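The values are calculated or read from the model by the stated rules, or taken from the named source; none is laboratory data. What you see is a predicted model; the values in this text were computed from it and never measured. When we count neighbours, we look across all protein chains shown, and the Cβ atoms used for this are built from the backbone with ideal geometry, even at glycine.
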Amino acid sequence: MNPEHAYKSVALIRGFEEHLPDLKAAGKIQGSMHLCNGQEAIPVGACAAIENRDALMVTYRGHGWAIARGIPLPDLFAEIMGRDSGLCGGRGGSAFFSSAEHGFLGENSIVGAGVPIAAGSALAARFDGRGSVTFVSIGEGAMNQGSVHEALNFAAVFQLPLVMVIENNLYSELTPIASMIATATLAERGPAYGIPAVRVDGNDVDEVESAVREAAVRARDGGGPGIIEAMTERLVGHYDLDPQHYRPQGEIESARQREPLVRLRATIGSERASEIDRAVEATLSNAIAEADAVPFPSSDTAREHLYA
Amino acid sequence: MPEAIIQTEKRTFTYIQAVNEALRWALTEYPEALFFGEDVALPGGPYGASKGLRKQFGERVFDTPISESAMLGAAVGAAMRGRRPIVEIMFGDFFLVALDQLINQAANVRYVSRGRFTCPMTVRSQHAALPGACAQHSQSLEAFFAHVPGLRLGLPATPEDAFEMLRSAIASDDPVVILESRAFYQDRAEIDVNGPVQQPGGARCLRAGTDLTVVTWSQMVGRAMEAAEELATRGIEVDLFDLRWLNPMDIEAVLASVARTGRLMIVHEANITGGFGGEIAAQVSKEGFWHLDAPIERVGALDVRVPASPPLNAAVIPQAATIVEAAERLLTH
């Protein structure tokens, strides 16, 4: 991917996430949020391989995926602010919004639950015969959920066009994943399902993109599902108010040397990066202003849309 | 212009054949319909519900791994992408390993997305106790589903309803749970296979009476009928209703009957505490309070687990005699 484009995409997600705690402090957002600071290269790289006919299902740490998939920023801010947004009109909030027009099946706040649903989307796509691939992201902790195991076997048995990206940020919520699995990697589980799996540097946009593209091409050609384990690190808490006492001293500072924005900044030079930063900040400020002008949903509508 | 001639075609089916016929109708009517579950395609289903469907409809009917979460989740995802999946969960008890996909997922799709995504899926299963079945193949868990806004729930008790209610469920653009009972599978009836598809909902009056309203569903329909016949010999006429759907619930039919009889008894096979009878009692206590001449009676299983041994089973699950006794008690008020 063009490094300036990659930098801009990562910076946009980072800036978006960085604005949210401020908006919460200002009383504009209520409820907890799961931010993806540090993990942006995964959605940016993966979404480069996703086509309009495809579908995407993500987790509660999904803002970055939504932005990378092209969901408008004012809609996203408004949704998270509980406003009558163009997405779910505030019904989804930070952790459970969707956008049909972007093939965005939604975030999901139940760990691992998106994989069976994504398998169903891939099943539908196979009957549609239009070559649509379904992409699903999960955290590494979700690999210990029974539903994920069921869905992976299901997808493999039926050779469904499903590409699963594991965002391995090393922490299964607040607990090191290394203490919760008995293998060195998660990718090595893939062959047990009959699913090709690779482990990549999830802080490298290009490495993520090429691995996801390879799996997508195979899935589109009828080669069945694929798994990409993308290694990354969270620069922030599991949720926005997480004090992170469980993280060793110096770990986050060390991670800041490896994170995607710093890397891409070094690639394109700080002068160009600063120009992009200014443009990104202007875009985000405008989006926030636009979102803040969106009214709250009318309480009269609370009963609507329950049934057909 | 001449009026359209409605052709009725009545044929005799067992309950399980009626299910098969409804599935055949659905797979014919809706090219987007899929039917899948454990042992449903090549084996034709453990009770034969899907006999012949794989042959007729090919890959749209398929066997799955024993993976209820994957099955229900795949139905949610396929429904969100324009398919109309029908899933078989072999025993109602097996929902419990996969309720997330029904409650946290399917029931939220339309509401949270404001209808931009929909979830037109049907899950058919069978539940309730038969003597000898173990505690994990015997429960009546309908109150779990009835508690969930966004899910429709029907419990067909006759071959006719097995056909009609399954068609209603599949035609609905909402997630619908249909709980059959294997005790009914060999019951026979004449069914009009060309009638119009009904909307979900609507209780059926099985017997008109003026002394006592009895509301029941699923496996207790037969027992309540038997009890009503016995009560009639004792001069007590029961206004008996098969509620059929718990969501949407036809509370109007219940209230109208209570207005005539002044007495209400709810009979379900599920144990009493937290059973759906409590909800009906609460609604009738509020909306029909001034019509009631006696406290509302609930008959259900004992609040214990379901034992396999037939005499123990019979001691736990309401029998016709239990219903008769409760009715006589209610009429002494």
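Taking region B:24-44 as the range and being in contact with a Ser or Thr (Cβ under 6 Å, 6 or more places away or on another chain) and among the aliphatic types (A, V, I, L, M) as the test, only B:V40 passes. Take the conditions (1) outside any helix (DSSP H, G or I); (2) surrounded by fewer than 24 Cβ atoms within 10 Å (Cβ to Cβ); B:A183 misses just one of them, which is (1). The residues of region A:138-196 that are farther than 19 Å from A:A216 by Cα, under 19 Å from the mean Cα position of the chain (by Cα) and in contact (Cβ under 8 Å) with a residue 60 or more places away in the chain, listed by number, are A:G139, A:E140, A:A142, A:N168, A:N169, A:L170, A:Y171, A:E173, A:L174.
Kindly evaluate A:I252 against the criterion of being aliphatic (A, V, I, L, M), assigned to a helix (DSSP H, G or I) and more than 30 Å from B:H147 (Cα to Cα). Against the criterion (aliphatic (A, V, I, L, M), assigned to a helix (DSSP H, G or I) and more than 30 Å from B:H147 (Cα to Cα)), A:I252 qualifies.
Whenever a residue of region B:50-63 is closer than 19 Å to B:Q17 by Cα, its partners that are surrounded by fewer than 13 Cβ atoms within 10 Å (Cβ to Cβ), lying with C-beta atoms within less than 7 angstrom and at least six residues away or across chains, give the pairs B:R54/B:L42.
Screening B:L264, B:L302, B:L292 for residues that are buried (at least 20 other Cβ atoms within 10 Å of the Cβ), modelled with pLDDT of 95 or more and either touching a strand residue (DSSP E or B) at 6+ places or on another chain (Cβ under 8 Å) or under 21 Å from B:R234 (Cβ atoms) (or both) leaves exactly one candidate, B:L264. For region A:217-236, indicate whether the set of residues that are within 14 Å of chain B (Cβ to nearest Cβ), under 20 Å from A:P43 (Cα atoms) and surrounded by 13 or more Cβ atoms within 10 Å (Cβ to Cβ) is non-empty. Looking for residues that are within 14 Å of chain B (Cβ to nearest Cβ), under 20 Å from A:P43 (Cα atoms) and surrounded by 13 or more Cβ atoms within 10 Å (Cβ to Cβ), one finds at least one in region A:217-236, hence yes.
Scanning region B:185-229 for residues that are of a type in the set (S, T, N, Q) and within 20 Å of B:W245 (Cα to Cα) gives B:Q198, B:Q199, B:T213, B:T216, B:S218, B:Q219. Within the set B:S168, B:S218, the sole residue that is of a type in the set (S, T, Y), in a helix (DSSP H, G or I) and either on the phi > 0 side of the Ramachandran plot or within 14 Å of chain A (Cβ to nearest Cβ) (or both) turns out to be B:S168. Only residues that are part of a loop (DSSP other than H, G, I, E, B) and in contact with a Phe, Trp or Tyr (Cβ under 8 Å, 6 or more places away or on another chain) were counted in region A:11-34, giving 3. In the set A:G82, A:G120, A:G89, A:G64, only one residue is facing another protein chain (nearest Cβ under 7 Å) and touching a residue at least 40 places away in the same chain (Cβ under 8 Å); that residue is A:G89.
Taking region A:127-137 on its own, how many of its residues are over 12 Å from the mean Cα position of the chain (by Cα) and either more than 9 Å from chain B (Cβ to nearest Cβ) or crowded, with 20+ Cβ neighbours inside 10 Å (or both)? Residues in region A:127-137 being over 12 Å from the mean Cα position of the chain (by Cα) and either more than 9 Å from chain B (Cβ to nearest Cβ) or crowded, with 20+ Cβ neighbours inside 10 Å (or both): 6 in total. Just one of the listed residues (B:G37, B:G77, B:G73) is within 14 Å of another protein chain (Cβ to nearest Cβ), under 20 Å from B:S181 (Cβ atoms) and buried (at least 24 other Cβ atoms within 10 Å of the Cβ), and it is B:G37.
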